[in-house]
Amino acid sequence: MVNEKTSTDQLVRRFIEELGVSYEEQTSSNIQIREALKNASKSKDSRGIGKPEFVFFSGNHLFIIEDKLAVNKLEYKNDSGEIETNFPYRRDYAVNGAIHYAKHIIEKTKSYKEVIAIGIAGDGLHYKIHPYYVSETEVKALPDMKSLEDISPENVEEFYSVAVKGELPKEERELREVNKIAASMHEDLRNYGQLEGEKKATVVSAILLALEEPTFSLDQMQGSERVGSADGELIFSAVRRFLENAGIVPFAKVGEMLDQFTFIQRDVTLNTINPNLKMTPLKYFATTLEAEIMDKIKSNTDFDILGNFYGEFVKYGGSDGNSLGIVLTPRHITSLMAELIQINKSDYVLDPACGTGAFLISAMNRMLGQAENDEERTDIKQNRLYGIEIQQKLFTIATTNMILRGDGKSNLIRDNSLTFNKEEMKNQGINKILMNPPYSQAKNDQTQHLSELSFIQHALDMLVVGGKLCVIVPQSTMVGKNRHDKARKKQILEQHTLESVITLNTDTFHGVGTHPCLAVFTAGIPHKENKRVSFVNFIDDGYVVRKHVGLVGDGTEKGKRDHLLNVLAGNDEDGTNFIVKTTIESTDEWLHSFYYFNEEIPTEKEFEKSISDYLTFEFDMYTHDRGYIFETKEVRSNDE
């Protein structure tokens, strides 16, 4: 039998060493902890020195780790669902042993009244990590981990606040702050401006662009008593000057954008002083946006703030309904997709269905992080980000979004990506594509060209040979629902290569009801018969739905994301329940669930339950005079 020290201990040792913290094995040089472990043996009578497998600090937090080789020796719970720390469970199970030591330390020391006890079971290929928070008053299960990265010195405080204290993650706190402003603005735009959902976003876009014009000032607006040009005319003129004088966008595009803003000039409600506000609604909106949003947009380059505003404006029913069917891709997914295809500062990136520009924002953020000087940063903003959007209102928002982030050229095109000249994009050197195509509108034979697979195929044809595409689509897209989809999958493999498909958390688009996946392709290289594709089950991504909050990280999301990337890169291993690498056919369902075969040995409890279920079923059949089912099996067995 393999010794735990040669497999599991090595795995845990590697995990801890990656944290960059000092650790000790079987002992502790800390006087209080060493004294507390004097009579903490896991033996039957607890006499003797307790020797935890690993003891270390990360930040100000104490961690105890116990490990076992067998996965089914991870933890044991009694009939009440509690971790049992009596003998022999504390000896035989990793979690139980770690909690046993944690309780001793808490009870016997003055300084350490909180310990995070971690049980790890398995080897480098099949392993599980279960952490528990232990205090004087509770033993609390924390989210499972895929590595220990979430408790590294730079991450541990965020992990503690989210996983232990139940606070919202930093990313969600930022989002809630913006959405709170957006919700308030939504109410103001409706109550004071009497505006419909999409017009709200148009007014916000116009004001934000006007605030960028150096010659425009809020003092020019009428306010409570000032007489002069309508505030709407001032804003419209400021936008026109800004777009034309700065040379940010081609003249024809300036005209398209200004067409969207024309109504602001003469809208009676927007330009009439409101007695409650003591100024025009337009000045009130502009004052709010300048104070609360402008700095956030410019300082937070990876967050589609304007897109979130738009989503807030159009999510309500009635006249505020989302007539464009926009579904915002969460920020953690847009950044993951950029990472999956390793977007870098020298790439030319396209989103052929760019919506409000979230993918381009994520790509820009990643590229700017790699830039070494202002020249490179300017080049990225002006020359390396492209987008296509057919909806005029979304095109206006996306253009505004990119301009506000210093995109000095705004390479956005209002067109239909399904009919756009593919060679034009190839000539621009497009080598990376991120996209979330519109939900399939392929309802019959006449509309099959509007399926998600059709968007994928057209996008792949826009890439230079060897270019990478990452797309988020419903899982059904990778299944191939009908003959048209099956034929298109075959055509895609004849010209391009499927690299990986990642099944995502079913709550990724919480409230929408779509079960998504990510697919990564290489363009212009036919898929080889012996090519092994990676199919990943990433449902457990560290994000959970909280009541009254929505989808948020549970404190383990960073470690699980990095584990995914490391496994795909070949730097880490995992079992087939996480990743399956296999050759494919166009007729296959391109999903992990299609290729996965459960190779894990059942635990004793699972085995006992299966036997119990079988015996219960057999008894039920006999009591209902259907025992012949089993007799027939015996006869057949004898005949054979």
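The values are calculated or read from the model by the stated rules, or taken from the named source; none is laboratory data. Computed from a predicted structure; not experimentally measured. All Cβ positions, glycine included, derive from the backbone under ideal geometry; neighbour counts span all protein chains shown. Heads up: the accessible areas ignore ligands, DNA and RNA and are worked out on the full protein's heavy atoms, side chains in. Shrake-Rupley method; radii C 1.70, N 1.55, O 1.52, S 1.80 Å.
Below are the figures for this structure:
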quantity	calculated
Accessible area (Å², 1.4 Å probe, nearest 10) - Val203	0 Å²
Fraction of accessible area attributable to carbon and sulfur, the stretch 259-306 (%, probe 1.4 Å)	50 percent
Carbon and sulfur %, accessible surface of the stretch 31-71 computed with the full protein complex present, 1.4 Å	50 percent
Mean accessible surface per residue for the chain, computed with a 1.4 Å probe while every protein chain stays in place, in Å²	46 Å²
Amide N of the stretch 139-156 lying under 14 Å from the label point, which is placed 7 angstrom from the Cα of Val549 along Cα→Cβ	143
Distance in nm between pseudo-label sites at Ser135 and Glu174 (7 Å out along the Cβ direction from Cα)	2.9 nm
Extension gain from Glu494 to Ser80, taking 0.36 nm per residue of separation minus the Cα-Cα distance	143.3 nm
³J(HN,Hα) computed for each position of the stretch 50-61 - Karplus, 6.51 cos²θ - 1.76 cosθ + 1.60, integer Hz, glycine/proline x	x, 10, x, 4, 9, 10, 7, 10, 10, x, 9, 9
Gyration tensor verdict on the stretch 447-584 (Cα atoms; rounded if a/c is under 1.5, prolate if a/b is larger than b/c, oblate otherwise)	oblate
Gain on full stretching of the segment that runs from Gln382 to Asn421 - 0.36 nm per residue minus C-alpha separation	11.9 nm
Placed amide H near Ala70: partners under 5 Å, 5+ positions off or other chain	Gly122
The chain: angle of helix 483-495 to the longest principal axis, Cα-based, in degrees nearest 10	90 degrees
Per-residue [θ]222 nm for the chain (sum of -39500 (n - 2.57) over DSSP H runs n ≥ 4, rounded to 500)	-12500 deg cm²/dmol
Under 5 Å, built H, 5+ apart or other chain: amide partners of Ile129	Met145
Accessible carbon and sulfur surface of the stretch 503-565 relative to its total accessible area, %, 1.4 Å	50 percent
Cα centroid separation, the stretch 110-147 to the stretch 343-405 (Å)	42 Å
Karplus-derived 3J(HN,Hα), 6.51/-1.76/1.60, for each residue of the stretch 21-27, Hz, glycine and proline x	10, 7, 9, 10, 10, 6, 6
Helix 628-639 vs. the chain, principal-axis angle (Cα, 0 to 90°, nearest 10)	70 degrees
Violating pairs (Cα-Cα greater than 31 angstrom) within the set Lys140/Lys560; Lys199/Lys278; Lys42/Lys170; Lys170/Lys278; Lys486/Lys547	Lys42/Lys170; Lys170/Lys278; Lys486/Lys547
The chain: C-alpha gyration tensor shape, a/c 1.5 cut-off, then a/b vs b/c	prolate
The stretch 567-575 - phi-based ³J(HN,Hα) in whole Hz, Karplus 6.51/-1.76/1.60, Gly and Pro as x	5, 5, 7, x, 8, 10, 10, 7, x
